[in-house]
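To start, the structure under review is shown below, and the notes come after it.
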Amino acid sequence: MIEALAFYMFAAVTVASGVLVISARNPVHSVLFLILAFFNSAGLFVLLGAEFLAMILVVVYVGAVAVLFMFVVMMLDINFVEMRQGFLQYLPIGGVIGLILLVELAVVVGGWQLGPAISAAGVAATPDVAQVTNTQALGQLLYTHYIYLFQAAGMVLLVAMVGAIVLTHRKRTGVKKQVIADQLARRAEESVKLVKVDTGKGI
Amino acid sequence: MAEVWDIYLWPLLWTAIKIVAIVLPVLLSVAYLTYAERKVIGAMQMRRGPNIVGPFGLLQPMADGLKLFLKETIIPSGANRVVFMIAPMLTFILALVAWAVIPFDQGMVLADINVGILYLFAISSLGVYGILMAGWASNSRYAFLGAIRSAAQMVSYEVSMGFIIITVLLCVGSLNLSDIVLAQKGMWFIIPLFPMAVIFFISTLAETNRHPFDMPEAEAELVAGYNVEYSAMGFALFFLGEYANMILMSAMTSILFLGGWLPPFDMVPFTLIPGPLWLAIKIAFCLFIFLWVRATFPRYRYDQLMRLGWKVFLPLSLAGVVVVAGVLVAFDLVPNAG
C-alpha cells in the first residue's frame, strides 16, 4: 500500500510539474519545475527497482544539464511574452506530433499485451534483475554485449563536441592571457635592473 | 489495530527516531564547528578567538544562533518571494539528507542502499541550486554574480570528483558505502591512491565553496556574494548548510580514503575504540585541514580557479582512472572479476 501511495505521489507531482514547465510565465520557474519533474521521475525509477538509473538521472540531468539550462535562462534577456505569441499558430503541428507519439506508445504497449513473444524478446537481452544488481546488469549490457556500439556512440559525441568548438571558437585579438610557463620562466636577472643613482641627477 | 501499529506506524516511528539520532549530532557538530573554526584560526593567527560567553567561550555558538533567530527577516521588495524563501531551506535540507547513507559502523546506517556513493554524489551536486536560486531571487547584482560563479565552479569540480570516485570504485567493485569501507580492511585507499585523495580533497574545498575557492561569497569583491540580501534565519540556514556540507564532505573523504569506521591497525589498543568514534576522529581531522587551509591560503582568482579545475585536475583524474584500471587489470587485482 505504501508503494502505491508513493507511486501516486511521485506520478502526480511529475505530471503536475510537467504541465507547469510549459505553462509557467517566468522561464526560471519553468526550469525549477523541470527539475522537480526530473526529481520525481527519479523517485519513480526507484520504485521500479532501477536505482542506478534514478541516481544517474539526478546526477546528469538535475546536477549538470538543468544547471546549464538555468544558467542560460537566468542570463538571457529574452522577451518571453513575444515568444508566446506564436502559440496558437504552432498548436496544430504540436498536436499532430503529440498524437503520433501517443499512437506509437499505444502500439508498443498493446504489442506487449497482445503478443507475449514480443515482450519476451525484449526482456531476454538483459540479465535477470533478481540475480545481479542493476549497476552490473547495465554494465554487462553496455560494456560487454554492445561495446562496439557504445564506442561508436562515444566517437559520434566526440566529433560533435569538436565540431561545436570549431564552429563557435573565434580568435580574438588584443586579449590578455596569463601564460603560466612564461611567468615561471622569468628570472630576476632579465626582469629587474639595479641602478646606482647619483644624487641630484636622476636616471 | 495492533497490525496497523506493527506494519505501518512502528517502522515509521523507528525510522524517525533513527533520523533524529543522526541529525541531532550533525547539527550540534555544525554549531561547534563554527566555534572550532574561530578558535583554530585564532590560534593560528595568535589571537584568542571567542572566550567571553561561557567557559572558554563554549556557549558562543548558542549565543550566535539566538541572535540570528531573534533578528528580523527582511525580504527585498524586488525579490521573487517564494524562490527567495525556498533557497536557504533547500541548501540546509540537502546538506542533511545526504547523511542517510553514511555508515557509522558495520550495519549502523539508516539506508544501506546499493548505489550509496552515487546518492551522495547526486545530493552534493544539487547543492548548487540553493545558491543559484538565492542569487537569482535576490534581484541584486552582487548576489547574481556570486550565484553564477558558484554554478560554474561547482559543475567544473564535480567532474574531477566523479572520476576520482570511479578510481575508488574500481578498487572496491561495489557502489555500496559499507562495502567501500570494508574493502579498506587491509590498507586504507589513501596509501595506494594518494594523489587521487589529494585532488579529491581540494575538489571538496571547491565544492563546498570554502577558502581558497570561496568565489561565490568573496567579500572583498562581491560584498558577500549570493547571500548578501539575506538576514536572520535565512542567512543562518545558508551558514549552517555550508558547515553541514563541510562535515559531509569530510565524512565522504574519510569513507573513500581513510577507511571510514575502521581503526588504522587491526590490533588491540586501536580496536578498543568503537567504530563511530574512529569515523568522528577522521572527520575532525579532515575538518581541521579545512580550517587550516582557510587560515593559510589567499583566495584564488576566478580564471585561475577554472584553469585548475579543467586544465589540471580533470586531465590528472582522467589519467588516474586509466592508470588505476590498467594496474588492476595487469596485475589481475580486479575485485569481483568473473
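Key figures for this structure:
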{"read-out": "Cα pair distances of the stretch B:242-283 binned at 10 Å [whole percent]", "value": "32, 48, 17, 3"}
{"read-out": "For the stretch A:13-59 and the stretch B:134-179, distance of Cα centres in Å", "value": "19 Å"}
{"read-out": "Taking B:Met133, B:Met46 and counting other C-beta atoms within 10 Å, the order from fewest to most", "value": "B:Met46, B:Met133"}
{"read-out": "Percentage, to the nearest whole number, of Cα pairs in the stretch B:1-70 over 15 Å apart", "value": "67 percent"}
{"read-out": "Karplus 3J(HN,Hα) series, Hz, for the stretch A:160-171 with 6.51 cos²θ - 1.76 cosθ + 1.60 (x for Gly, Pro)", "value": "4, 5, 4, x, 4, 5, 4, 5, 9, 6, 10, 7"}
{"read-out": "Cα-Cα P(r), the protein assembly as shown, percent of pairs per 20 Å interval", "value": "16, 50, 28, 5, 1, 0"}
{"read-out": "Chain B: DSSP helices with Cα axial extent of at least 27 Å and average Kyte-Doolittle hydropathy no lower than -1.0", "value": "B:10-44, B:116-137, B:141-172, B:232-257, B:275-296"}
{"read-out": "Phi-based couplings in Hz for the stretch A:89-101 (Karplus 6.51, -1.76, 1.60; Gly and Pro marked x)", "value": "5, 8, 4, x, 4, x, x, 4, 4, x, 5, 4, 4"}
{"read-out": "Charge dipole magnitude, Cβ of K and R +1, D and E -1 - chain A, Cα centre, debye nearest 20", "value": "1300 debye"}
{"read-out": "Cα-based equivalent ellipsoid, chain A: semi-axes from gyration tensor eigenvalues, Å", "value": "53, 28, 20"}
{"read-out": "The stretch B:63-101 versus the stretch B:190-269: alpha-carbon centroid distance in Å", "value": "19 Å"}
{"read-out": "Overall Cα dimensions of the stretch B:74-330 - principal axes, largest extent first, Å", "value": "61, 37, 34"}
{"read-out": "Listed pairs A:Lys171/B:Lys311; B:Lys39/B:Lys67; A:Lys171/A:Lys193; B:Lys71/B:Lys282; B:Lys185/B:Lys311; A:Lys176/B:Lys39 exceeding 31 Å between Cα atoms", "value": "A:Lys171/A:Lys193; B:Lys71/B:Lys282; B:Lys185/B:Lys311; A:Lys176/B:Lys39"}
{"read-out": "222 nm mean residue ellipticity, helices alone, for the protein assembly as shown (DSSP H n ≥ 4; -39,500 (n - 2.57); rounded to 500)", "value": "-21500 deg cm²/dmol"}
{"read-out": "Distribution of pairwise C-alpha distances over the stretch B:178-226, 10 Å bins, in %", "value": "24, 31, 22, 16, 7"}
{"read-out": "Charge dipole of chain B about the Cα centre (unit charges at C-beta), most positive-ward option of B:Gly260, B:Leu248, B:Ala43", "value": "B:Ala43"}
{"read-out": "For the stretch B:74-330, size of Cβ-based charge dipole, Lys and Arg +1, Asp and Glu -1, in debye", "value": "380 debye"}
{"read-out": "Cα pair count fraction exceeding 23 Å, expressed as % - the stretch B:202-330", "value": "50 percent"}
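Where a number appears in this text, it was derived from the coordinates with a stated rule and is not lab data. Computed from a predicted model, the values in this text were never measured in an experiment. Here Cβ is always computed from backbone atoms with ideal geometry, including for glycine, and neighbour counts include all displayed protein chains.
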